[in-house]
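Structure first, commentary second.
FYI, it's all coordinate maths here, none of it is from the lab. Just so it is clear, the model here is predicted, and its values are computed rather than measured. Positions of Cβ are generated from backbone atoms using ideal geometry, with glycine treated the same way; all protein chains shown enter the neighbour counts.
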Amino acid sequence: MPLQKKSKITISDILNKKKNKEKITMLTSYDYSISRICNETDLDMVLIGDSAATVMMGYDSTRKIGMAEMVTFCKGVVNAITRQVIVADMPFGSYQTGKSISVKNALKFLRCGCDAVKLEGGLEVVDIIKNMTDLGIPVMGHIGLKPQTTPLHYGYVSQGKTAEGAIRLLNEARALEEAGVFSIVLEKVTSEVASVIAENTNVPIIGIGCGPHVDGQVLVIHDMLGLYTDFEPKFVKRYLDLSKQIFDAIKEYETEVKSGKFPQEEHMYHMTEEEFAKLEKMLKRV
């Protein structure tokens, strides 16, 4: 697939999409091969999510992935993406311990080629985010269901089911905006509350499991392609069933190898007749 030369999308472009009421598209990606395909599309942003913990590493929680692993995944994505805004998830423990360590870790992502970082949290991380944005580090926020910490308190349940909960989320979104984030991921929040937050903030609200009345959408690419089936959230639409297709392909390969059908002539390399004759003579002498 030939690479097409397209202009690099900037964070200013993302902000302008909200002003112009243009929907924003974002997918997660964790490796070079899939990211190279993403690069050929008109996606706006690519997120290297800490969901790599479950999807790529097989951990049972996103809390188990660390900086070294996340940076490795980022390097693969960065080598493929030339157009979209690249955002890196800061893993659990990489920013909660203070402003200094959060900046140090964020810079690791920017140095390897990411355009921005994403932090989970509301009021509890506002000061950390403001310190980072004051230093010129682009930050994406993340509220609603926060996979790193919410399950410890409530489980994987939708957020914003009450009026009080809605006001809390709105206040968190406004606080993150004041702290300088350029956009906010809103996860598993009721459609009504997501709509209110999108209408009452000036930065793009990117929803996952929040309905259509936000500024953009994000999905885990392995979910929407049917590659990761251990966990099937209600809000995921499967555009393909690659897991079954890959399984069927492997079984066909297995059958063809065992039956001798693969490899065939078109998959082979040959010596010239002259060289093969020469080899046979040498073998006889040996």
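Highest GNM mean-square fluctuation among Lys146, Lys237, Lys130, for the chain modelled with Cα contacts below 10 Å: Lys237. Selection among Tyr59, Ile246, Met268 by position relative to the dipole of the chain gives Tyr59 as farthest towards the positive end (Cβ unit charges, Cα centre).
Here's the list of lysines a cross-link from Lys234 could span, going by alpha-carbon distance under 23 Å and ignoring same-chain residues fewer than 8 apart: Lys23, Lys146, Lys161, Lys188, Lys244. The mean sequence separation of alpha-carbon pairs under 8 Å and at least six residues apart, normalised by the residue count of the stretch 11-240, gives a relative contact order of 18 percent.
Can you give me the orientation-averaged projected area of the convex hull built on the Cα atoms of the stretch 40-88, in nm²? Convex hull of Cα atoms, orientation-averaged projection: 3.5 nm².
Local charge for Ala52 was computed over the other residues whose Cβ lies under 12 Å away, with Lys and Arg +1 and Asp and Glu -1, and equals -3.
Rounded to the nearest 20, the size of the Cβ-charge dipole of the stretch 11-240 about its Cα centre is 180 debye, with Lys and Arg at +1 and Asp and Glu at -1.
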